[in-house]
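The values are calculated or read from the model by the stated rules, or taken from the named source; none is laboratory data. Just so it is clear, the structure is predicted and the values come from calculations on it, not from any experiment. Neighbour counts run over all protein chains shown; Cβ positions are idealised from the backbone, glycine included.
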Amino acid sequence: MRKDWDGGRGHGLERIEEFLRKLQTEGASQHTLAAYADDLYRFRDFCRENRLNFGVEAARIYLGNLQRQGYAKASLARKLAAWRSYGRYLAKEKREPNPLAGIRTPKRERRLPRFLSVAQVAELLRVGEAGASTVSGLRNRAILELFYASGLRVGEMAGLNLGDVDLENGSVRCLGKGLVERMVPVGSLAVAALRAYLDGGRPELARLSGAPSRALFLNREGARLTVRSLRRLVAKQAVRAKLSHVWPHLLRHSFATHLLENGADLRSVQEMLGHASLSTTQVYTHVTMQRLRQVYAQAHPRAKADQ
């Protein structure tokens, strides 16, 4: 976070630091904080350079400039979301009028989430199991199995502690967005991989640390694995499985898609993913319907007009 601009009071963007601190206390991820800070500070600089106050007119001018520079609609929508969130903060916390009340979010192209096939996930997990002959291999296998078995976000995985895993009942407790806690069931294969790691992998890694750690997944120095390390780990394992562009969130997409394809109801998937709104989860129904259409087109004798 940068130090806020001291001059030009009245432009409406003097309280960015306070807003970001509030987001942090509410459990916003470092990625979200960095994105919001960048969007707000850039907009503040634009308002300063053009002698504009934070409001609908300035937002429209700035968004128009970005659109002419080739920014995607999704990127523009993200920036506007940051500004609107800041506007609501001013209205609620500072009892000031919301400067962006009434502005519309630009329509976004709906991009369906990419996911791995069941066979691709099986190959990724097979590679993880094949490498489980070392301490780090046991850990890596447990991480891959748990990502796919639970659909956890990478930040949620990094934040897991020993007490969050219940192997007897096959469940994991995690702290999601907005510091909302949820329980997610975990299958027997993931439980077995976790048990093997906790028995034969983690104790060795823990000995490398000078102080005890509550973290579930440890690095080679005995400290908690970071989000960046988890992303690198998944990508590296994917290369060994001859899969490209695989990241933790792709396993989350695969988790949700495969559940729905095999008959899980949307509400249950929403709860397991930790989505606040059902509409967020519904994107996966579009994915499964697209797959069904492909199967229908290939298999039904009267699916094509030229037959």
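Please state which one of Arg84, Arg95 is on the phi > 0 side of the Ramachandran plot and either assigned to a helix (DSSP H, G or I) or out of contact with any Leu (no Cβ under 8 Å at 6 or more places or on another chain) (or both).
Details: Arg84 fails: on the phi > 0 side of the Ramachandran plot.
Unique residue meeting the criteria: Arg95.
Only one of Val191, Val172 is surrounded by 15 or more Cβ atoms within 10 Å (Cβ to Cβ) and touching a helix residue (DSSP H, G or I) at 6+ places or on another chain (Cβ under 6 Å); which?
Working: Val191 fails: touching a helix residue (DSSP H, G or I) at 6+ places or on another chain (Cβ under 6 Å).
From the options Val191, Val172, the qualifying one is Val172.
Do we have any residue at all in segment 12-28 that's assigned to a helix (DSSP H, G or I), under 30 Å from Val227 (Cβ atoms) and among the hydroxyl-bearing types (Ser, Thr, Tyr)? Quick ask: steps written out before the conclusion?
Pass one, segment 12-28, residues assigned to a helix (DSSP H, G or I): 16-25.
From what is left, the residues that are under 30 Å from Val227 (Cβ atoms) are 16-25.
Filter again for among the hydroxyl-bearing types (Ser, Thr, Tyr), leaving 25.
Looking for residues that are assigned to a helix (DSSP H, G or I), under 30 Å from Val227 (Cβ atoms) and among the hydroxyl-bearing types (Ser, Thr, Tyr), one finds at least one in segment 12-28, hence yes.
Can Ala305 be described as within 23 Å of Lys177 (Cα to Cα), modelled with pLDDT under 90, in a loop (DSSP other than H, G, I, E, B) and not charged (D, E, K, R)?
No.
Starting from residues that are in a loop (DSSP other than H, G, I, E, B) and crowded, with 17+ Cβ neighbours inside 10 Å, keep the ones in segment 102-126 and report whichever is modelled with the lowest pLDDT.
Here is the first cut: in segment 102-126, the ones in a loop (DSSP other than H, G, I, E, B) are 102-117.
If we keep only those that are crowded, with 17+ Cβ neighbours inside 10 Å too, we end up with 103, 115-116.
Working: Ile103: 75, Phe115: 91, Leu116: 93.
Going through the qualifying residues, I end up with Ile103.
I want to confirm something. Restricting to segment 127-177 and keeping residues that are within 14 Å of the chain's Cα centre (by Cα) and among the basic types (Lys, Arg), which single residue is modelled with the lowest pLDDT?
Ranking the qualifying residues of segment 127-177, first place goes to Lys177.
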